[in-house]
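Below: the structure, in structure tokens.
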Amino acid sequence: MSQAEDIESVDEDGVIESVSGPVVSATDLDARMNDVVYVGDEGLMGEVIEIEGNLTTIQVYEETSGVSPGEPVENTGEPLSVDLGPGMLDSIYDGVQRPLDELEEKMGSAFLDRGVDAPGIDPEKQWEFTPSVAEGEIVEPGDVIGKVPETASITHRVMVPPDYEGGKITSIEAGEFTVEEVVAELESGEEITMHQEWPVREARPAAEKETPTIPLVSGQRILDGLFPIAKGGTAAIPGPFGSGKTVTQHQLAKWADADIVVYVGCGERGNEMTEVIEDFPELEDPKTGKPLMSRTCLIANTSNMPVAARESCIYTGITIAEYYRDMGYDVALMADSTSRWAEAMREISSRLEEMPGEEGYPAYLAAALSEFYERAGLFQNINGTQGSVSVIGAVSPPGGDFSEPVTQNTLRIVKTFWALDADLAERRHFPSINWNESYSLYRQQLDPWFRENVAEDWPERRQWAVDVLDEEDELQEIVQLVGKDALPEDQQLTLEIARYLREAWLQQNAFHDVDTYCDPKKTYRMLGAIKTFNDEAFEALEAGVPVEEVQDVDAAPRLNRMGVAEEWNEFIDELESDLEEQIRALY
Ligand code: ADP
């Protein structure tokens, strides 16, 4: 996060009038909305959120205990901004973009002290810059002027800042530079370094937002198969405790075919963030075998940070995501959990004595959420590249009750909803995504991609599975009343098919070497095998074979082993032909 560079421009310091948790009021502060200020003798970072006459209200991003009236407040005159440049990947930041490892070194603990400043990007590290444009060429705002190998997996593209004028390049050279050193000069006098700043509350400009038509393939059958998210799409995962939220997020971080992952942890319960900080650096990128962190930026609001920092986490995260989008990358941002952010808004709002809305949340909850999710999308960037930011927000509804305001307001905005279900988790059905409650509004716009890249009849086959699961849902009510055996044979068979859909197809073991990732082609073929069983079985039933005999063919239980089969094409070929043969032999 940037500090003010020209403090001279500030007329005079303000004085603290009152302190209420993370909310501090000051008088005589010459400030504008959203200016960053340093509060108290310790210089805690805060942001102006209200100005009324001579009284300025500030939300402070650090713990305020011990800060007293009479202490000074210093205005930087600049909005809350993030430092952008090489070195963000493989970094772990706190909510105001201070690198946690560096702070740890300075303070000897992962739990941060107050008033400690550390630049978001290492000012001393040298990066190898290779120009991609030459002297004399004309560049425009956003244009890529060179490359830097940022990590083992990602090449960083150095761009003309979007708020520059651009023009003819008068000098540019290859070599080793720090992020502060000038790598190119323009005729206009503008100098380009590898470091940019951007105010977090402002979306970075793009030429156009486009309709996303390519899925963010996750390798998770229930997601790709039933509830796909687009590259540039939005999704919410509401999950009660223990329902598999963390495992699902990890699976997405590992397997989703995004180039870059930005993981924002805004103060989950207790020390969960510390867990994430410990877990992530251990994870391996299964596609490259390199550490997952080499394409990940982690922003973790450790739980001892005050609530206001949750908000800055979210905005810092999305701005970093947009910056990589501008380079032409597909970025997936995961926010865990947006409920904590909403709770922070509620707390700040109540301290400001604003009129409360539903369940005490501020009336602007919906607007704040939608402003955040709106920064997702597939974009035509101003430099002509195409990039995307997909946003996946976890929600933690208290008691798993989806009718509460954060879940409801999120639902109105996002187009994919993956409803984690405590009952399924209890029955050890994983991923415990409830197929009756979940949905994806991207299905239709992604169908052409699936038709072309997986199978022509992808939508029809998916619809077949949806119909069987729906029918099962309806039949379950009757079964509970009269028992399964009272059903006609064809309905009994439908229940059996649905059971295979649930157990063999929807369930997927994140901890099994093979099953952890399922190629969409395998997802499709597995469904095909169950459909083969379905079609053959119903024909046998029509020919008069009793339902028990059809269900009990030897090959049927092998359906449950498709997920873990490595040579799945061969496995499924053989299984389908055995099913056909064994069922046909019955009549
Ligand atoms: P939450 O974050 O919602 O509290 P977790 O993600 O920690 O829940 O999941 C709880 C447990 O459920 C995990 O420790 C794991 O045993 C099991 N689990 C969740 N998802 C899966 C999955 N896809 N495959 C296998 N086990 C899972």
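Read-outs: derived from the displayed coordinates by stated rules, not from any lab. Just so it is clear, the structure is predicted and the values come from calculations on it, not from any experiment. Note that we place each Cβ from the backbone using ideal geometry, even for glycine, and neighbour counts take in every protein chain shown.
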Checklist entry - What are the principal axis extents of the Cα atoms in the stretch 363-514, in Å, biggest first? => result 63, 42, 31
Checklist entry - In the chain, with Lys and Arg counted as +1 and Asp and Glu as -1 at Cβ, which of these residues, Pro238, Ile478, Pro520, has the Cα nearest the positive end of the dipole, that is, farthest along it? => result Ile478
Checklist entry - Amide H neighbours of Leu333 under 5 Å, counting only residues 5+ apart in sequence or on other chains, H built in-plane at 1.01 Å? => result Val262, Ser390, Val391, Ile392
Next on the checklist: Taking each pair of distinct Cα atoms in the stretch 13-104 once, what is the resulting Kirkwood hydrodynamic radius in Å?
Outcome noted: 13.7
Next on the checklist: Please compute the contact order of the chain in relative form: average sequence separation of alpha-carbon pairs under 8 Å and at least six residues apart, divided by the residue count, as a percent.
Outcome noted: 13
Item to check | Spatially proximal aspartates and glutamates relative to Lys168 (Cα-Cα < 13 Å; intrachain offsets below 8 disregarded) | outcome: Glu135, Glu137, Glu140, Asp143, Glu185, Glu187, Glu190, Glu191
Checklist entry - Which ³J(HN,Hα) values, rounded to whole Hz and listed in residue order, are derived for the stretch 20-33 from phi using the Karplus coefficients 6.51, -1.76 and 1.60 in 6.51 cos²θ - 1.76 cosθ + 1.60 with θ = phi - 60°, glycine and proline given as x? => result 10, x, x, 9, 10, 10, 9, 10, 6, 9, 8, 9, 10, 4
Checklist entry - To the nearest 500 deg cm²/dmol, what mean residue ellipticity at 222 nm is calculated for the chain from DSSP H runs of n ≥ 4 alone, each contributing -39,500 (n - 2.57), summed and divided by the residues? => result -9500 deg cm²/dmol
Next on the checklist: Can you divide the C-alpha Rg of the stretch 350-427 by 2.2 N^0.38 Å and report the result to two decimal places?
Outcome noted: 1.42
Checklist entry - Binned at 5 Å from 0, what are the whole-percent values of the Cα-Cα distance distribution for the stretch 443-569, short to long? => result 2, 10, 19, 19, 20, 15, 9, 5, 1, 0
Checklist entry - For the stretch 524-568, what is the convex hull volume of its Cα atoms per residue in Å³? => result 62
Checklist outcome for this item: Filtered hits (lysines, Cα-Cα < 28 Å from Lys484, offset >= 8 within chain) -> Lys531
Checklist outcome for this item: Non-local residues with an amide H under 5 Å from the amide H of Ile299, with H modelled 1.01 Å from N and Pro and chain starts lacking one, are Tyr93, Tyr263, Val264, Gly265
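Give the range of the longest stretch in the chain that excludes all trypsin sites (Lys or Arg not before Pro) found in loop regions by DSSP and having at most 14 other beta-carbon atoms within 10 Å.
Free of exposed loop sites, the longest segment is 429-587.
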Checklist entry - Taking the convex hull of the alpha carbon atoms in the stretch 479-522, what volume per residue do you get, in Å³? => result 91
Item to check | Binned Cα-Cα distance frequencies in the chain - 20 Å width, integer % | outcome: 19, 47, 26, 8, 1
Item to check | Scattering curve values for the stretch 303-373, log₁₀ I(q)/I(0), Debye with Cα scatterers, q = 0.17, 0.22 Å⁻¹ | outcome: -0.67, -0.96
Checklist entry - Computed from the mean reciprocal separation of all distinct C-alpha pairs, what Kirkwood hydrodynamic radius does the stretch 200-358 have, in Å? => result 16.8
Next on the checklist: Using alpha carbons only, how many angstrom separate the centre of the stretch 185-207 from the centre of the stretch 428-448?
Outcome noted: 39
